[in-house]
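The next block holds one structure in the form of structure tokens; read it before the comments.
We did not get these values from a lab; they are worked out from the coordinates using the rules stated. Worth saying up front: this structure is predicted, and the values here are computed from it rather than measured. Note that we place each Cβ from the backbone using ideal geometry, even for glycine, and neighbour counts take in every protein chain shown.
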Amino acid sequence: AQTVTQSQPEMSVQEAETVTLSCTYDTSENNYYLFWYKQPPSRQMILVIRQEAYKQQNATENRFSVNFQKAAKSFSLKISDSQLGDTAMYFCAFGGGATNKLIFGTGTLLAVQP
Amino acid sequence: DVKVTQSSRYLVKRTGEKVFLECVQDMDHENMFWYRQDPGLGLRLIYFSYDVKMKEKGDIPEGYSVSREKKERFSLILESASTNQTSMYLCASSLAGQGSYGYTFGSGTRLTVV
């Protein structure tokens, strides 16, 4: 069975600085997908970034980028030039195999300090 | 803009009541999901459905049931609400495709059982 681990329950970063959120996963699948979701306080969960495991190139979306290390089963999220609006809970998720379900980590609460 | 709509943002119910949480999506997605979100536990899957009238148990189905009579609507039912079901409930939908597309989430329903 697949598992997703986020070992940082809470993190803090100063505005305009860079922060990296960690995620590791375990799977025996070769083809799969990885996601980072953002849940701002009292607001809807939205997709931040998606990575296809068969692509070696790391996905980027504006200030958000990932460091995907397939052999190490690691999928970290880097947020550059942090903004106050980046304050949120961030969830890492795994999708693949014979199921349509996503497996989520326990989340990292990121606080961006002014 | 694509949407997943949950009928209530906040709900307070009494112990023993039958509770219905409604979720509607307008994206013609095959898959729909119900999760509960609790601090430190992340998102835990209650039930999901990959087609009309089809349902499968997730990781924590006890005390819950679901109904999917139409493709766009997926209802979560608490047969007899208990205080340990106080939680945030998230509905999500996705295209069929072995976890490759990720989810679109609703805004969540924060249920308090007193």
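Tabulated values for the structure
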item: Count of the stretch A:9-27 residues which are within 21 Å of residue A:51 (Cβ to Cβ), crowded, with 17+ Cβ neighbours inside 10 Å and in contact with a Leu (Cβ under 9 Å, 6 or more places away or on another chain); result: 5
item: Answer from B:52, B:114 - the residue that is touching a residue at least 40 places away in the same chain (Cβ under 8 Å) and either more than 19 Å from residue B:8 (Cβ to Cβ) or surrounded by fewer than 17 Cβ atoms within 10 Å (Cβ to Cβ) (or both); result: B:114
item: Count of residues meeting criterion [in a strand (DSSP E or B) and under 16 Å from residue A:48 (Cβ atoms)] in the stretch A:67-99; result: 15
item: Residue list for the stretch A:45-66, restricted to those being surrounded by fewer than 16 Cβ atoms within 10 Å (Cβ to Cβ) and either assigned to a loop (DSSP other than H, G, I, E, B) or touching a residue at least 24 places away in the same chain (Cβ under 8 Å) (or both); result: A:54, A:55, A:56, A:57, A:58, A:62, A:63
item: One residue from B:78, B:90 being facing chain A (nearest Cβ under 10 Å) and either in contact with a Gly (Cβ under 9 Å, 6 or more places away or on another chain) or among the hydroxyl-bearing types (Ser, Thr, Tyr) (or both); result: B:90
item: Selection count, the stretch A:28-43, where residues are surrounded by fewer than 18 Cβ atoms within 10 Å (Cβ to Cβ) and not acidic (Asp, Glu); result: 7
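Residues are listed down the side, and each one gets a yes or a no for (1) part of a loop (DSSP other than H, G, I, E, B); (2) of a type in the set (Lys, Arg); (3) within 12 Å of chain A (Cβ to nearest Cβ):
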site	(1), (2), (3)
B:17	yes, no, no
B:27	yes, no, no
B:40	yes, no, yes
B:47	no, no, yes
